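Asker: Sharing a structure below in structure tokens format, with a few things to ask.
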Amino acid sequence: MIASLLLALINLSACKTVAEDPNAAMQSRAQAKAEAYEFSSRTSYGAYSIRPSDQLRVKVYDEQNITGDYQVDSSGYISIPLAGRIKASGLSPAQLERAIASKLTNGVLKKPDVAVQVTTYGPVYVHGEVKRAGEFPYRPGLTIMDAVALAGGYTYRADESAAFVTRAGSHIEMGYPLDRSVRIYPGDNIRVPERFF
């Protein structure tokens, strides 16, 4: 009898009742929206989505006048001889290959064979309570913690539990806990806040 009472007491002590904080619920919904935006900024699972200021290598086989390096302008377009301005931002390299081939097929070339490669990604920006704030080169797979390391790490005043990210093309700053791996993309702005004692 005493053993079963102790077991029941232990089970009850493991449970706790938490009233839902309305601010936490709002922040949770905002977090879900940010994660949905992050997912939608990629064209498929893990595929890289081209962004403004990316440098692209476009190769059209047997067409030396078209083959070359092109930079995605701030409005998301590239200008290719014989094809004109093509929207690149938001597309994967494979999708851009098809878009370029389609434009070149319209009366210019019979069956263009196009390859697109991202040679240089746009930068990421890290500021706030880091040792060397500034612009840093992006590499695929970059996380918030990697970006903080690129910026020389935290200052002694930094709040090391969270960071705020403003995604490229967005004006919404979202807070992320640093105990999980959060992906960063070209053009993202990362702010490390000051710790309040």
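Asker: Working only within the stretch 148-197, note down all residues that are under 19 Å from Ser53 (Cα atoms), of a type outside the set (Val, Ile, Thr) and modelled with pLDDT of 95 or more.
Answerer: Asn189
Asker: Output the number of the condition that Val108 fails; it satisfies all remaining conditions of (1) touching a helix residue (DSSP H, G or I) at 6+ places or on another chain (Cβ under 6 Å); (2) over 26 Å from Ala168 (Cα atoms); (3) aliphatic (A, V, I, L, M).
Answerer: (1)
Asker: Would a scan of the stretch 52-64 turn up a residue that is among the hydroxyl-bearing types (Ser, Thr, Tyr), modelled with pLDDT of 50 or more and more than 21 Å from Thr120 (Cα to Cα)?
Answerer: Let us first name the residues in the stretch 52-64 that are among the hydroxyl-bearing types (Ser, Thr, Tyr), namely 53, 61.
Subset that is modelled with pLDDT of 50 or more: 53, 61.
From what's left, more than 21 Å from Thr120 (Cα to Cα): 61.
Yes: the stretch 52-64 contains one or more residues that are among the hydroxyl-bearing types (Ser, Thr, Tyr), modelled with pLDDT of 50 or more and more than 21 Å from Thr120 (Cα to Cα).
Asker: Continuing with this model, one more query. From Glu129, Glu135, grab the single residue that is at pLDDT 95 or above, within 17 Å of the chain's Cα centre (by Cα), of a type in the set (D, E, K, R) and not assigned by TED's automatic domain parsing to the domain that holds Val60. It would help to see each step written out before you state the result.
Answerer: Values: Glu129 fails: within 17 Å of the chain's Cα centre (by Cα).
Only one candidate passes the filter, namely Glu135.
Asker: Going through the stretch 184-197 one residue at a time, which ones are surrounded by fewer than 15 Cβ atoms within 10 Å (Cβ to Cβ) and in a strand (DSSP E or B)?
Answerer: Listed by number, the list holds a single entry, Glu194.
Asker: Any chance you could count how many residues in the stretch 107-137 are on the phi > 0 side of the Ramachandran plot and buried (at least 19 other Cβ atoms within 10 Å of the Cβ)?
Answerer: Step one: list which residues in the stretch 107-137 are on the phi > 0 side of the Ramachandran plot, which gives 107, 128, 134.
Add one more test, that the residue is buried (at least 19 other Cβ atoms within 10 Å of the Cβ), and what stays is 128.
Counting residues in the stretch 107-137 that are on the phi > 0 side of the Ramachandran plot and buried (at least 19 other Cβ atoms within 10 Å of the Cβ) gives 1.
Asker: Output the qualifying pairs, or none if there are none: Cβ atoms under 8 angstrom, residues six or more apart or on different chains, first residue in the stretch 48-65 and in a loop (DSSP other than H, G, I, E, B), second residue surrounded by 19 or more Cβ atoms within 10 Å (Cβ to Cβ) and of a type in the set (D, E, K, R).
Answerer: none
Asker: Exactly one of these conditions fails for Gly90: (1) in a loop (DSSP other than H, G, I, E, B); (2) loosely packed, with under 13 Cβ neighbours inside 10 Å. Give me its number.
Answerer: Checking Gly90 against (1) in a loop (DSSP other than H, G, I, E, B); (2) loosely packed, with under 13 Cβ neighbours inside 10 Å, the one that fails is (2).
The values are calculated or read from the model by the stated rules, or taken from the named source; none is laboratory data. This is a predicted model, so every value here is computed, not measured. Please note: Cβ atoms are built from the backbone with ideal geometry, for glycine as well, and neighbour counts cover all protein chains shown.
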